[in-house]
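Before any comments, here is the structure.
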Amino acid sequence: MYFFLLYIDPGSGSYLLQMIIAAVLGASFFFKNFWFSFKAFFASKKPKKEDENDTVD
Amino acid sequence: MSSIKQSDFNMQSHPASYRDTSGFVFQQGGKVYRYIHPVYEIHYSRLMESGLYDELVKKGKLISHSEITERDKFSFADGRVLLPEQIPFISYPYEWSFDMWKDAALLTLQIAMASLQKDMILKDATPFNIQFFKGKPIFIDTLSFENYEQGKPWVAYRQFSECFLAPLLLMHYCHPDTGKLFTAYPNGIPMDVLVNLLPKRSRWNMNTFLHIHLQAKFAGKQKQRPGKENNFSKQKFEILLKGLESFVQKLSSKKIKTTWDDYYTDTILGDDYLASKTALVKSFISEIEFSNVIDLGANDGHFSLLFAGDKQVIATDSDPNCINNFYLKNKQDGSSNILPLVNDLTTPSPAIGWNNTERGSITERLKADLVLALALVHHLAIANNVPFPFIAEWLQPIGQYLIIEFVPKSDEKVKLLLQNRKDIFNDYNLEHFKTVFAANYQIVKEATVGHTNRVLFLMKRNS
């Protein structure tokens with residue numbers, strides 16, 4: 001560690017808070033991604049059907 | 001390991017450049033240089049060798065610099081001396097409007113994310129590390145980069161929260177003009193002050209709750225247990241930065257109609273007035289030589305826009321909405337020669353910081369060849385009781401040329417200013433105005449604006 005490393009005060013509790021925030025946001029990103037892929041899975045079905053219909057017609 | 005001698009600071013450094021012992025900024029021969037102490041060498045070399053510097057400079061996010069190799073020019077025995085690209089006008093965050101703050105915050109986070117990719121971090125996150133240059137924010141502190149230590153959270157997280165999130169949230173939840181509170185708290189708005197200013201409903205926003213209300217609860221209560229911080233993975237660090245970015249991205253300025261919104265569209269003065277005044281200003285500026293302009297009371301920037309790209313313009317107004325709209329318009333149009341700033345001329349940005357020398361007052365900084373003071377004098381003289389001689393003496397040092405508009409008492413706008421108060425302004429007339437200004441200026445041109453009684457002057461400063 002270098003003597004100038006902490007020339008600003010990181011704030012007491014700031015490191016612990018960052019752990020909590022990263023965990024909460026990480027979980028929220030995970031569920032968001034899950035939700036988007038869930039939606040995308042069903043959304044992607046529909047146009048495919050239309051495409052199929054187009055080719056049939 | 002050698003350390004910086006106290007004398008290095010005393011003799012040379014800029015008054016605001018004392019916090020970080022990795023180096024300092026100094027001025028010599030009218031140019032700004034940056035000294036890098038040998039203790040910072042391992043970080044500086046990674047910045048330069050990892051490709052991070054090149055990447056950020058190429059994208060216009062970090063100020064470029066050249067290294068001075070002729071060591072005899074300076075008195076430093078060791079270390080490096082950099083000559084950064086010079087920025088013509090230094091503005092301070094309390095002079096920015098909402099979207100300028102927002103773009104500065106986003107730039108800080110983007111740089112932090114790009115740094116992490118190269119195993120570096122931003123060791124500080126203050127808006128004083130950012131300047132507006134060629135229409136865009138740019139990071140100017142080359143010494144803010146530090147090698148990433150595995151497992152360590154962001155040392156500048158609290159500083160980012162107090163210096164960027166706090167002003168942005170105040171402008172988002174309370175009023176667009178609250179950015180100027182940063183004058184009182186230039187090291188960041190303390191969490192306990194912030195949570196008492198924000199409305200209670202702000203707790204219901206997940207990000208505001210996590211980054212602000214929870215942080216305020218933690219502040220001063222939790223003691224850091226040594227070694228505990230080493231569990232913060234790089235992935236978590238990225239999540240934190242991405243989370244902050246999406247939080248800032250979603251923020252908008254509180255919609256409050258201010259005095260000067262729609263000044264020109266609602267005005268009783270009409271199109272003829274604006275067209276005549278524009279034509280007059282154009283004819284005045286065609287007769288003089290100048291390279292930079294200060295537009296005082298710029299409103300929506302109509303007159304600042306008359307200046308072509310080779311003229312540098314600083315447009316100030318006390319109305320944060322006007323300045324924000326103008327900033328966004330310039331950003332959209334890609335105009336790079338205009339810097340809009342929020343500044344109330346009756347209480348201009350003061351000199352602040354240690355010994356009142358860290359950040360200069362805006363009056364010290366505002367210098368140009370040409371000053372525009374259009375539809376301004378009646379607001380200073382009548383709405384704020386400033387005597388004519390004060391106005392002339394204040395304007396004279398700002399610039400050599402002055403285009404100024406006199407608005408007489410018969411004007412509808414002046415009548416509005418006087419409708420609820422006693423008219424104590426016996427000297428407020430054209431004759432007296434000209435007599436007073438003749439002490440500081442020579443009147444070069446004088447013309448009535450359209451069908452109004454307003455008079456426009458081109459004046460040249462007495463040398």
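The values are calculated or read from the model by the stated rules, or taken from the named source; none is laboratory data. Note that the structure is a prediction, hence the values are computed from the model and not measured. Methodologically, a virtual Cβ is constructed for each residue, glycine included, from the backbone with ideal geometry; neighbour enumeration extends over all protein chains shown.
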Cβ-Cβ under 8 Å, sequence separation 6+ or interchain: first residue in segment B:300-326 and outside the structural domain of B:Thr278 (by TED's automatic domain parsing) and in contact (Cβ under 8 Å) with a residue 24 or more places away in the chain, partner in a strand (DSSP E or B) and surrounded by fewer than 22 Cβ atoms within 10 Å (Cβ to Cβ). Which pairs? none
Does segment B:345-357 hold any residues that are touching a helix residue (DSSP H, G or I) at 6+ places or on another chain (Cβ under 9 Å) and in contact (Cβ under 8 Å) with a residue 40 or more places away in the chain, and which are they? B:Leu345, B:Thr346, B:Ser349, B:Pro350, B:Ile352
Counting only residues in segment B:43-52 that are free of Cβ contacts under 8 Å to residues at least 12 places away in the same chain and not charged (D, E, K, R), the one nearest to B:Asn147 (Cα to Cα) is identified as B:Ser45
Tally of residues being part of a loop (DSSP other than H, G, I, E, B) and exposed (fewer than 15 other Cβ atoms within 10 Å of the Cβ) across segment B:397-428: 10
Identify the single condition in (1) farther than 22 Å from B:Gln12 by Cα; (2) touching an Asp or Glu at 6+ places or on another chain (Cβ under 8 Å) that B:Leu82 does not satisfy, given that it satisfies every other one. (1)
Quick check on my filter: what residues within segment B:116-143 are over 20 Å from the mean Cα position of the chain (by Cα) and either within 12 Å of chain A (Cβ to nearest Cβ) or buried (at least 24 other Cβ atoms within 10 Å of the Cβ) (or both)? B:Ile121, B:Leu122, B:Lys123, B:Leu143
Is there any pair linking a residue in segment B:421-448 that is free of Cβ contacts under 8 Å to residues at least 60 places away in the same chain to one that is part of a loop (DSSP other than H, G, I, E, B) and of a type in the set (Lys, Arg), with Cβ under 9 Å and at least six apart or on different chains, and which? B:Asp423/B:Lys409; B:Phe425/B:Lys409; B:Tyr428/B:Lys409; B:Asn429/B:Lys409; B:Thr448/B:Arg454
Might you let me know whether segment B:234-250 holds any residue that is outside any helix (DSSP H, G or I) and either under 28 Å from B:Glu95 (Cα atoms) or without any contact (Cβ under 8 Å) to a residue 12 or more places away in the chain (or both)? no
Within segment B:32-53, count every residue that is among the acidic types (Asp, Glu) and surrounded by 14 or more Cβ atoms within 10 Å (Cβ to Cβ). 1
Quick check on this structure: which one of B:Ala351, B:Ala368, B:Ala373, B:Ala381 is farther than 21 Å from B:Ser410 by Cβ and either among the acidic types (Asp, Glu) or buried (at least 18 other Cβ atoms within 10 Å of the Cβ) (or both)? B:Ala368
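Taking the residues in segment B:264-306 that are of a type in the set (Ser, Thr, Tyr) and buried (at least 18 other Cβ atoms within 10 Å of the Cβ) as candidates, determine which candidate is modelled with the lowest pLDDT.
In this case the residue turns out to be B:Tyr273.
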Could you please let me know if B:Glu55 is away from chain A (no Cβ under 14 Å), farther than 18 Å from B:Leu143 by Cα and among the charged types (D, E, K, R)? no
Being among the acidic types (Asp, Glu), in the same structural domain as B:Ile288 (by TED's automatic domain parsing) and in contact (Cβ under 8 Å) with a residue 24 or more places away in the chain narrows it down to one of B:Asp411, B:Asp333, so name that one. B:Asp411
